[in-house]
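Presented below is the structure to which this report refers.
Derivation of every value follows stated rules applied to the coordinates shown; laboratory data play no part. It should be emphasised that the depicted structure is a prediction, and the values quoted were computed from it without experimental measurement. Positions of Cβ are backbone-derived with ideal geometry, glycine not excepted, and every protein chain shown enters the neighbour counts.
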Amino acid sequence: MVDAPTLDYLLGQMAQDKEVLNGWDAVLNVLESSINSFFQTQFQKMTSGSQQMTIAQVFCGPKVTDPRRGDYCFVTQFSFTLAAPSFVFTGGSNTVTVTQAIVSGSTTTGTMPVGSGYQPASCGCTPNDPRVTWGAPQTINVGNHPTISAAVQLTSVIGLINPTTHTVVLDFANGAFTITNVAIQNVTSQELADQIKSWFATHGVKYQVASLDFSGAGTISSLTPRQFQFNVIKTNSGNIVVQLLITTNGSPARGNPIVTEPIPTASGYTCSLMISSRIVFSDILCAGFNGAGKSFKIYPQSQSPAQGYTAYIAPQMHFAGSFSYGNCCDRTTVTYSIYLGGTYSGSKSNGFYLYQSLTPGGNVGNTITVSGNNPVSLTGSGSSQAIHINPQPPSVTCSGGASDRINGELQSILSSNFQAGMAGISFGSVTYFALRNVLFPSNLMKMSVVQVPTDLVIVGTFQPN
């Protein structure tokens, strides 16, 4: 097994590959160990903290005709106490194998007279039914390590939390059961497995993985889930990751994201949420910046789907004028005509990065480079977590004559315009999506790091809600 992936590796991969979601609007990645923790917590609630589940069933076999005894059937009852389940996800499959050890139990068989219209499914037998001639109870030999296993597919159901939620669950009513190291006279392994499945289905045993709220309350349309698929992958480092591939205002994509290690486990994180650069640049960056009322705006652009989105300034700001420098006998007059635009792109560790290099008109003879970092950060805790942008004044590098004078004038202009524009950008819709649209059983996503290598990524862990 290769080394566990680091945060630096994840951000580097996303920065290198640009648009990594392969057409999906958002992708949630959760480590198998976290989902197992969700499941174990739910099992504790099912069993009131006892960590043991008792299942019991009474059922009848087919009619047997005996010339001496008449018509009768075999009746079987069992009671098994099961230990806490183990859950094993398989990469490339939506099926989870759930195994529970039988830690104690007993079986009893007997016979019951039946009539001509007898049907096994409607025999109506109850535990210790007086109509049955019961044999002696047989204790399960736990030294043989008997188990019950079920292969259960991940499915989606609506309304478990509220009418607008869609929840990924393991529903045991859909499981394929097997039982090992338990033998009951006159009962086949398949008949016993069918009865165990019937008990789980009748008692509504299901485990929740995660939910998406489709209501759209408190967020923008591009961050309102409309559809989703789930996927299970095994990464190069051996991690099993359960993914929710989410469609909002785009179209359902074909294929899976191309991030090979979507969770930086070496850095202690157990989940990540990725949002397409199309949404981040169009509906968050540009929409927020343009609401600042400046004389220029920024607009999203994409050279190709694989390259993701950036944003450009338009119309370019035009600065023209002249100034003189030198002493009274040797003065130089400089004229300049500068069209200042620039492009915002994502960066591995500094948020949105502004860059432009230009040679202005006039006789200034300078090369001007404008660059600026606009990192994003997190504040608050629990349900009050929030993502913020921390705009920095762009820096101006000017080569050639009169560089100090041009630097000073441009720096003043840029600080007042760009920094103020970036300060108006809100990530409220992203935090709402992460904390309110994406729901986990009794847990809240604890966001620890947010970056915008191209697509936005939030990495974190889980904390009790």
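The fewest-to-most ranking of His388, His203, His318 by surrounding Cβ atoms within 10 Å reads His318, His203, His388. Calculate, for Thr139 and Ser357, the FRET efficiency according to 1/(1 + (r/R0)^6) with r their C-beta to C-beta distance and R0 60 Å; round to the nearest 0.05. So the FRET efficiency works out to roughly 0.15. Can you find, among Ala121, Gln40, Ala26, the residue sitting farthest towards the positive end of the charge dipole of segment 1-129, where Lys and Arg contribute +1 and Asp and Glu -1 at Cβ? Projecting each Cα onto the dipole axis, the largest value belongs to Ala121.
Extending 7 Å from Cα along the Cβ direction at Ile161 and again at Ser322 yields two label points whose distance is 6.7 nm.
With the largest listed first and rounded to whole Å, the semi-axes of the equivalent ellipsoid of segment 34-211 from the Cα gyration tensor are 34, 18, 14. Express the relative contact order of segment 253-344 as a whole percentage, based on alpha carbon pairs under 8 Å and six or more residues apart in sequence. About 19 percent, as a whole number.
The length gained by stretching the chain between Arg436 and Gln463 to full extension, at 0.36 nm per residue less their Cα-Cα distance, is 8.3 nm. Exposure proxy for Thr369, Thr333: other Cβ atoms within 10 Å of each Cβ, ordered fewest to most, give Thr333, Thr369. Once both labels are positioned 7 Å from their Cα atoms along Cα-to-Cβ, the gap between Gln44 and Glu191 label points is 4.1 nm. Secondary-structure-derived ellipticity at 222 nm for the chain, considering helices only, amounts to -4500 deg cm²/dmol, per-run term -39500 (n - 2.57) for DSSP H runs with n ≥ 4.
Computed about its Cα centre, the charge dipole of the chain is approximately 460 debye, with only Lys, Arg, Asp and Glu carrying charge at their Cβ. Annotation: the residues Asp71, Asp330, Asp455, Asp283, sorted from fewest to most other C-beta atoms within 10 Å of their own C-beta, follow the order Asp330, Asp71, Asp283, Asp455. If the limit is 32 Å between Cα atoms, which of Lys197/Lys446; Lys234/Lys446; Lys234/Lys348 go over it? Over 32 Å Cα-Cα: Lys197/Lys446. Judged by the mean number of other Cβ atoms found within 10 Å, the most tightly packed of the peptides 126-138, 78-90 leads the ranking 78-90, 126-138. Can you tell me how segment 282-348 classifies by the Cα gyration tensor, rounded, prolate or oblate, using a/c under 1.5 as the rounded cut? Note, shape of segment 282-348 comes out prolate.
This structure gives volume of the Cα convex hull per residue in Å³, computed directly, and of (i) 150; (ii) 175; (iii) 166 that value is listed as (iii). Model label sites at Ser377 and Ser304, defined 7 Å from Cα along the beta-carbon direction, differ in position by 3.8 nm.
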